[in-house]
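The values are calculated or read from the model by the stated rules, or taken from the named source; none is laboratory data. Owing to the predicted nature of the structure, the values given are computational and were not obtained by experimental measurement. Positions of Cβ are generated from backbone atoms using ideal geometry, with glycine treated the same way; all protein chains shown enter the neighbour counts.
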Amino acid sequence: MALARRRPQPELVHHSDRGVQYASRDYTQLLHDHGIRISMSRPANPWHNAACESFIKTLKYEEVYRTEYRDLAEARAGLAQARQNGKRLGRPLTAALQADQVRKLYGAGLSKAGIARRLIIGRTSVRRILASKRT
C-alpha cells in the first residue's frame, strides 16, 4: 500500500471529487489515521477539481516530461526548487495553446462563457484572445 511505502508528511492534502469510494467511512478514517487532510469539491461543482487537474497536467507536460531525473530524490529536489524559485511553468507555451483552444472552441460554436468555463479562464481573456490577431 502506498501509505506504508511512502509514509506521507502529516500536512499532506488529499483532494478528490465526492465519489463514493473517496467519501466512505473506512477510506476517510484511513486518511485521518495517517494525518492526511481531506479536501473534496463541493457537491455539483465539477469545476473545483478541474483547476487542480489542470495544474497537474501543466506540471507534467511543461516540467516533468521535459526533464530527465536520475531518481525520485532528484525529481523531488527539482520540483521543490522550481516551486521555491517561483518558476512559472511554460507561460508562453501555455498561452499559445490556450489561444488555439479558444479559437477552435469558438469556431465549433461554443459561447464565450462556455469556453471560459471549459478552459477555466476569465471571459475577458476569451474576448481578448478572439479580438487579437492570430500569431
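Brief remarks follow.
- Restricted to the stretch 1-32, and to residues there that are more than 30 Å from L119 (Cβ to Cβ) and basic (K, R), the residue that is modelled with the highest pLDDT is R25.
- Residue list for the stretch 33-53, filter: in a helix (DSSP H, G or I) and at pLDDT 75 or above: D33
- Every pair of residues 6+ apart whose Cβ atoms lie under 7 Å, when the first sits in the stretch 55-77 and is surrounded by 12 or more Cβ atoms within 10 Å (Cβ to Cβ) while the second is in a loop (DSSP other than H, G, I, E, B) and at pLDDT 75 or above: A75/Y69
- Among the residues of this structure, Y69 counts as one that is modelled with pLDDT of 70 or more, of a type in the set (S, T, Y) and part of a loop (DSSP other than H, G, I, E, B).
- Hey, L93 part of a helix (DSSP H, G or I), surrounded by 11 or more Cβ atoms within 10 Å (Cβ to Cβ), modelled with pLDDT under 80 and of a type in the set (A, V, I, L, M) or not: yes
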